[in-house]
1. Within region 119-130, does at least one residue satisfy the condition of being loosely packed, with under 13 Cβ neighbours inside 10 Å, more than 13 Å from the chain's Cα centre (by Cα), of a type outside the set (A, V, I, L, M, F, W, C) and modelled with pLDDT under 95?
2. Sort through 82, 102 and tell me the only one that's within 26 Å of residue 67 (Cα to Cα) and modelled with pLDDT of 95 or more.
3. Taking residue 72 as meeting all but one of (1) open to solvent by 30 Å² or more (accessible area, probe 1.4 Å); (2) free of Cβ contacts under 8 Å to residues at least 24 places away in the same chain; (3) of a type in the set (Gly, Ala, Ser), write down the number of the exception.
4. When you go through (1) surrounded by 21 or more Cβ atoms within 10 Å (Cβ to Cβ); (2) closer than 18 Å to residue 99 by Cβ; (3) among the hydrophobic types (A, V, I, L, M, F, W, C) one by one for residue 175, which number turns out not to apply?
5. With the condition kept exactly as written, say whether any residue in region 43-62 is of a type in the set (A, V, I, L, M), under 18 Å from residue 25 (Cβ atoms) and at pLDDT 95 or above.
6. So residue 147 clears everything in (1) surrounded by fewer than 17 Cβ atoms within 10 Å (Cβ to Cβ); (2) touching a Pro at 6+ places or on another chain (Cβ under 8 Å); (3) basic (Lys, Arg) except one condition, right? Which one?
7. In region 25-60, what residues are within 17 Å of residue 72 (Cα to Cα) and either in contact with a helix residue (DSSP H, G or I) (Cβ under 7 Å, 6 or more places away or on another chain) or surrounded by fewer than 16 Cβ atoms within 10 Å (Cβ to Cβ) (or both)?
8. Show me the strands (runs of 3 or more DSSP E) entirely contained within region 68-179 in which 2 or more residues are not hydrophobic (A, V, I, L, M, F, W, C).
Amino acid sequence: ADLCKSSDVKLIASFFEAPAEIPLWINRARSFEALGADMLELNFSSPSAARVFARRFDSASHIISEVKKNTSIPVGLKLSPTLEPLETFVATCEDAGLDFITAHNAPGGIVIDVDNEVPFGAPSIGGYVMGRSFLPYSLGRVVRIKKASNIPVIGVGGIYEAQDALQYLLGGCPIVGIG
């Protein structure tokens, strides 16, 4: 946090707790805020959480509103690329006071590195399709979010060149994320 502040860089703390454990979400959020985080990103994109939120949008809404009530910094969420109906979910989160959306976590899947004959990504948990092939899919969902909501969106996925980032900016994202 000190390094970020001295460099004028915003620190976004991203975390996950079990969807039903509201006190843990609140305690973790307060801890990150006390440690100097500028923003909180609730990671609603893990496969176990996404399954819960897909069945009960009110679970996501409740977590957002409780974290917002108990902290004073912006609260956003990292979105699963498979959660549907997207527009309804976004509206529910917006009504709960959400400040931003990070769209999206990488979708499930796997790519095999044929030169090294090993899986690429995170095969220990089933794999993720990372990289350039994800850009059009994520960008398309960003446009859907922007049509349904005024919540700022951090565009993520498939950014390899300046033109890739520019597509997210032209799609309405004020910020892009790379890893």
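1. Initial filter on region 119-130 (loosely packed, with under 13 Cβ neighbours inside 10 Å): 124-126.
Adding the requirement that they be more than 13 Å from the chain's Cα centre (by Cα) leaves 124-126.
Checking which are of a type outside the set (A, V, I, L, M, F, W, C) leaves us with 124, 126.
Imposing the further condition that a residue be modelled with pLDDT under 95 reduces the set to 124, 126.
Yes, some residue in region 119-130 is loosely packed, with under 13 Cβ neighbours inside 10 Å, more than 13 Å from the chain's Cα centre (by Cα), of a type outside the set (A, V, I, L, M, F, W, C) and modelled with pLDDT under 95.
2. Exactly one of 82, 102 is within 26 Å of residue 67 (Cα to Cα) and modelled with pLDDT of 95 or more, namely 102.
3. (2)
4. (1)
5. For region 43-62, residues of a type in the set (A, V, I, L, M), under 18 Å from residue 25 (Cβ atoms) and at pLDDT 95 or above: absent.
6. (2)
7. 25, 26, 27, 29, 30, 31, 34, 35, 36, 40, 42
8. On the way: elements: 75-79, 100-103, 111-113, 118-120, 153-156, 175-177.
Because the criterion is at least 2 residues that are not hydrophobic (A, V, I, L, M, F, W, C), the strands (runs of 3 or more DSSP E) in region 68-179 that meet it are 75-79.
The values are calculated or read from the model by the stated rules, or taken from the named source; none is laboratory data. What you are looking at is a predicted structure, and each value in this text was computed from that prediction instead of being measured. In this analysis, Cβ positions are derived from the backbone assuming ideal geometry, glycine residues included, and neighbour counts consider all displayed protein chains. For accessibility, only protein heavy atoms count, side chains too; no ligands or nucleic acids. Shrake-Rupley method; radii C 1.70, N 1.55, O 1.52, S 1.80 Å.
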